[in-house]
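Take a look at the structure below.
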Amino acid sequence: MIRNYFTKMKGASKSPPPVGISEILWSWIGAFLGISTVALISYRVLEGKGLTMIIGSFGASAVLIYGAVKSPLAQPRNLLGGHVLSALIGVTSYQILHSHIWLAAAVAVATSIACMHGTKTLHPPGGATALIAVIGGKSVHSLGYLYAIIPTAVGASIMLAIALLVNNIPKTRRYPEFWL
Amino acid sequence: MADQKAYNPVDIEISDDDIYEAMKDIRGYLDITPADVKELYGLAYRHAYERIACSIKARDVMTAQVISVKKTTPLKDVARIMAEYGISGVPVVDEDGTVAGVISEKDFFSRMGGKGTKSFMSLLAACMEGKEGCPADPIRAETAADIMSSPPLAVEAHAPLRDIGNIFSENHINRVPVVDETGRLIGIVSRTDVLRGPLLKERPCSP
């Protein structure tokens, strides 16, 4: 039994095949357009109004929705559901447990993973969205539950719109695989 | 058990390279390892196999123009019919067409040549030794009813392939008559029919 336990650490499969140059190019284009749109809105429109349209977890979402478009984790249900659900859980964790910030952080991430699993909305960047709600500093804390709408829901929706527009241009891509 | 395993096409393993090449055929990044693809493929194949084994029925694979003999048919005529049509077994019916039994080559062998002969080769050997005359002498005057296996194992038209396969392996037989609700003969399913069933419409292999 012990031996089996350690044998499992050797790995059982090989790395999936590499992607072609056009796939790499389209991933770059999608990510560039998606992030530049939310960043532009954030820094040119919302700057100085105490609001933002971009959070760190969007960088991770970009990997999925522009770079791994077939992945179940990258589908609209997961993108929107995972971010919004995790944002709500993150804000709630902070508001209840802010006197023990380490605990609030851990509860936020662990609970958001569990809830995403339970609702079939698992989206890895959601974990970051929940964590940012706790450790994101004054600018995030002052938003309260608004954090779940701006930047999270609106920003993710913009990124989704760009994904729909860009990912369906090349013959070899289609997006999404499913909506609900 | 060993018999059944040899039947199972799932055991014709797809290789790791097959999976890897297939993943390369799909352009774009697949968020799954080759090992998981292989496991999924195996499970899906098993499900398909189950579905086919249960959804194909006796009526889909049976031979409907079935050759049969009467209970009163003399064995020499039974042997002649089996030889003529090149079949190794034949159902035996009553006057009204109800299946009363099945006669196979084995039923002939086991009644012939005295000392527990069971196969064609043992009969041939006895014949060539020539000590006891024709090995068929003991049953020359008998009729189908005397040597048939009875009561017959029969299935109805809606019996799934899976159940028929099990009947074959559990009873060590090679064919089973298909009957209607009243027990009348409407067809026969052989081992070959079961194997061929789902594959019959496949394209030939490319050279």
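Coordinate-derived values only; no laboratory data. Quantities reported herein were computed from a predicted structural model and do not represent experimental measurements. Cβ coordinates were reconstructed from backbone atoms using ideal geometry, including for glycine residues, and neighbour counts include every protein chain displayed.
Cross-link partners for B:Lys24 among the aspartates and glutamates, with Cα-Cα distance under 20 Å and sequence neighbours closer than 8 places in the same chain left out: A:Glu23, A:Glu177, B:Glu13, B:Asp16, B:Asp36, B:Glu39. The residues packed around B:Leu185, meaning those with a beta-carbon under 14 Å from its beta-carbon, carry a net charge of -1 if Lys and Arg are +1 and Asp and Glu are -1. Around the amide H of B:Ala100, modelled in the peptide plane, lie the amide H atoms of B:Val92, B:Val93, B:Asp94, all under 5 Å away and 5 or more residues distant in sequence or on another chain. Shown for A:Lys70, B:Lys24: other C-beta atoms within 10 Å of each C-beta, ranked fewest to most, produce the order B:Lys24, A:Lys70.
Taking a 22 Å limit on the Cα-Cα distance, which of the listed pairs B:Lys76/B:Lys106; A:Lys70/B:Lys38; A:Lys120/A:Lys171; A:Lys171/B:Lys38; A:Lys14/A:Lys171; A:Lys10/A:Lys70 fall beyond it?
Beyond 22 Å between Cα atoms: A:Lys120/A:Lys171; A:Lys171/B:Lys38; A:Lys14/A:Lys171; A:Lys10/A:Lys70.
Over the stretch A:21-167, Cα pairs under 8 Å with separation of 6+ residues give a relative contact order of 33 percent. With neighbour counts taken as other beta-carbon atoms within 10 Å, the residues B:Lys57, B:Lys70, A:Lys120 rank, fewest first, as A:Lys120, B:Lys70, B:Lys57. Straightening the chain between B:Arg46 and B:Asn174 buys 43.6 nm, computed as 0.36 nm per residue apart minus the Cα-Cα spacing.
Once the Cβ-Cβ distance of A:Leu33 and A:Phe178 is raised to the sixth power relative to R0 = 22 Å, the FRET efficiency obtained is 0.45.
The slack in the chain from A:Ile2 to A:Ile135, taken as 0.36 nm per residue of separation less the alpha-carbon distance, amounts to 43.9 nm. Here the stretch A:21-167 is assigned +1 on the Cβ of each Lys and Arg and -1 on the Cβ of each Asp and Glu. Its dipole about the Cα centre then comes out at about 140 debye. Amide H contacts of B:Ile56 (H built 1.01 Å from N, in plane; Pro and chain starts excluded): B:Leu161 sit under 5 Å, all sequence-distant by 5 or more or on other chains.
Straight-line cross-link partners of B:Lys71 among the aspartates and glutamates, defined as a Cα under 12 Å from its Cα and at least 8 positions apart when in the same chain: B:Asp94, B:Glu95, B:Asp96, B:Glu142, B:Asp146. Extension gain, B:Glu105-B:Ser150: 0.36 nm per intervening residue step, less the Cα-Cα distance, totals 14.7 nm.
Put simply, the Cα atoms of the stretch A:21-167 extend 50, 38, 20 Å along their principal axes, the longest span coming first.
Among residues other than B:Val61 whose Cβ falls under 9 Å from its Cβ, what is the net charge (Lys/Arg +1, Asp/Glu -1)? Here the count lands on +1.
Extending 7 Å from Cα along the Cβ direction at A:Ala110 and again at B:Ala136 yields two label points whose distance is 8.4 nm.
Where in chain A are the DSSP H helices whose C-alpha atoms run 27 Å or more along the long axis and whose mean Kyte hydropathy is at least 0.5?
Membrane-span-like by this criterion, though nothing is claimed about a membrane: A:21-40, A:76-97.
Over the protein assembly as shown, the reciprocal of the mean inverse Cα-Cα separation, the Kirkwood hydrodynamic radius, stands at 27.6 Å.
Our helix-only sum for chain A, with -39,500 (n - 2.57) per DSSP H run of n ≥ 4 divided by its residues, gives a mean residue ellipticity at 222 nm of -18500 deg cm²/dmol. Between A:Val45 and B:Met23, the FRET efficiency estimated from the beta carbon spacing at R0 = 35 angstrom works out to 0.25. The modelled label-to-label distance between B:Gln65 and B:Ser122, using points 7 Å beyond Cα along the C-beta direction, is 3.7 nm.
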